[in-house]
Amino acid sequence: MKKNKKLLIAAGAVVLIAIVAWMLSGGKKEEEVTFETAKAERQDIHTTITATGTIEPVTSVTVGTQVSGIVSKLYVDYNSVVKKGQVIAELDRTNLTSELNRSKAELTSAQSTLNYETANFKRYQTLFDKGLVSANDYENAKLSYEKARQTVNSARESVQKAQTNLGYATITSPIDGVVLSKSVEEGQTVAASFNTPELFNIAQDLTDMRVIADIDEADIGGVKEGQRVTFTVDAFPDDKFEGQVTQVRQEATTTSNVVTYEVVISAPNKDLKLKPGLTANVTIYTLEKNQVLAVPSKALRFMPNEALLKKGEKIEDIEAPFKIWTLEGGTFKAHKVETGITNGILTEITSGLSENTEVLVDFNISGGEEAQGQQAANPFMPRPRNNRNQQGQQGQKK
């Protein structure tokens with residue numbers, strides 16, 4: 001019995017404290033509705049696409065060799081500035097010179113044979129015309145002459161080829177530019193049996209770079225040549241570089257079921273900050289309009305709630321695909337408007353609204369836990385007319 005009595009006393013004390021606290025707080029506060037407004041004013045509206053890409057020279061040439069041999073001399077290194085026609089490397093010429101000399105010797109021998117067969121054929125032709133030799137002997141002499149003549153032509157081609165190969169031992173720069181990479185060292189053997197060995201990579205002009213960006217298939221439809229582009233690189237995080245779209249390539253690349261398209265972006269590089277291979281964080285401005293009349297996009301979704309009207313306030317609504325609301329002397333008035341472009345945050349208003357007009361964007365409810373909860377859930381959902389009555393009933397039940 002004593003234990004039950006103590007529990008009752010404790011419970012009563014808790015109830016008493018709760019009543020006192022409620023009285024000191026002044027009870028539940030009334031709801032207060034405030035409206036958020038914004039001016040219809042001139043603003044810039046942009047829509048953008050972001051992507052990543054790689055910096056590379058506009059023109060770069062891989063220099064190789066068409067003949068095999070040992071690299072005997074290198075005249076350039078990384079970052080060397082070269083001119084078109086400048087000798088940048090040489091291969092050992094020993095074997096190539098021997099091949100040329102052998103071809104020349106074969107040509108000399110073939111020419112001697114041709115000289116003999118020519119004289120022999122002329123002799124047989126004279127005898128055949130006089131009927132002193134058979135037709136068979138004449139045809140054999142003619143055939144030997146033709147073979148000797150073809151052998152000389154073949155030997156000449158061999159000499160020409162050997163001379164050309166000897167010329168390939170001297171490697172020159174095909175363009176004016178800068179050496180980006182060097183793949184060989186002196187004394188190294190290069191073999192050109194199946195493919196052309198890469199010796200150097202030369203960029204023509206590092207002041208004229210480009211970005212190759214990979215654009216997702218969902219965004220590629222909005223990318224067009226001539227659009228403005230800004231990009232940054234991690235090497236210079238505080239600098240923003242500018243360029244424009246110069247090419248949208250049609251070939252698709254699929255990686256892990258993700259389809260992308262390459263977009264080429266110009267990247268002027270007068271100060272030489274951009275280096276080949278840097279990763280660029282690209283922003284493509286797919287749509288730009290400057291100084292157009294605009295309002296926050298939320299204003300087009302705003303709708304007055306009759307349940308929250310104060311005494312004397314009213315609503316003047318109209319039927320329209322797009323409308324903007326204003327509060328004029330206690331009247332919520334709808335205005336039919338026509339819209340232009342939007343980036344999701346701002347929407348262009350092309351007609352139906354004057355500049356500097358205060359438009360309703362949103363509303364806020366303060367005072368009352370239930371009202372705050374409804375607003376947090378969705379401020380655009382209609383409230384029931386008996387909202388306040390329901391709150392009063394719940395307060396009485398509590």
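Condition check for residue 269 on (1) open to solvent by less than 30 Å² (accessible area, probe 1.4 Å); (2) under 13 Å from the mean Cα position of the chain (by Cα); (3) closer than 25 Å to residue 177 by Cα: one failure, at (2).
All conditions but one from (1) surrounded by 16 or more Cβ atoms within 10 Å (Cβ to Cβ); (2) modelled with pLDDT under 55 apply to residue 29; the one that does not is (1).
Scanning region 317-369 for residues that are of a type in the set (S, T, N, Q), farther than 14 Å from residue 39 by Cα and over 38 Å from the mean Cα position of the chain (by Cα) returns 331, 364, 366.
Within region 298-345, the set of residues being closer than 11 Å to residue 359 by Cα and open to solvent by less than 20 Å² (accessible area, probe 1.4 Å) comprises 299, 302, 324, 325, 326, 332, 334.
The rows are residues; the columns are (1) in contact with a strand residue (DSSP E or B) (Cβ under 6 Å, 6 or more places away or on another chain); (2) closer than 13 Å to residue 55 by Cα; (3) modelled with pLDDT of 95 or more.
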{"position": "208", "(1), (2), (3)": "no, yes, no"}
{"position": "239", "(1), (2), (3)": "no, no, yes"}
{"position": "246", "(1), (2), (3)": "yes, no, yes"}
{"position": "255", "(1), (2), (3)": "no, no, no"}
{"position": "267", "(1), (2), (3)": "yes, yes, yes"}
{"position": "270", "(1), (2), (3)": "no, no, no"}
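Inspection of region 193-210 identifies no residue that is in a strand (DSSP E or B), small (Gly, Ala, Ser) and under 13 Å from the mean Cα position of the chain (by Cα). Of the candidates 105, 51, the single residue that is modelled with pLDDT of 95 or more, out of contact with any Cys (no Cβ under 8 Å at 6 or more places or on another chain) and farther than 30 Å from residue 170 by Cβ is 51.
Being over 30 Å from residue 289 (Cα atoms) and of a type outside the set (S, T, N, Q) is true for just one of 84, 39. Which residue is that?
Values: 39 fails: over 30 Å from residue 289 (Cα atoms).
Criteria check complete, one pass: 84.
Among all positions in region 236-252, there is no residue which is of a type in the set (Val, Ile, Thr), outside any strand (DSSP E or B) and surrounded by 12 or more Cβ atoms within 10 Å (Cβ to Cβ). Where strands (runs of 3 or more DSSP E) sit wholly within region 36-143, those with at least 1 residues that are closer than 30 Å to residue 301 by Cβ and either open to solvent by 60 Å² or more (accessible area, probe 1.4 Å) or in contact with a helix residue (DSSP H, G or I) (Cβ under 8 Å, 6 or more places away or on another chain) (or both) occupy 41-57. Answer yes if at least one residue in region 156-176 is of a type in the set (D, E, K, R) and within 30 Å of residue 203 (Cβ to Cβ), and no otherwise. Yes: one or more hits.
The values are calculated or read from the model by the stated rules, or taken from the named source; none is laboratory data. Everything numeric here is computed off the predicted structure, so don't read it as measured data. Using ideal geometry, Cβ is built from the backbone for each residue, glycine included, and neighbour counts are taken over all protein chains shown. These area figures cover heavy atoms from the full protein model, side chains too; ligands, DNA and RNA do not enter into them. Shrake-Rupley method; radii C 1.70, N 1.55, O 1.52, S 1.80 Å.
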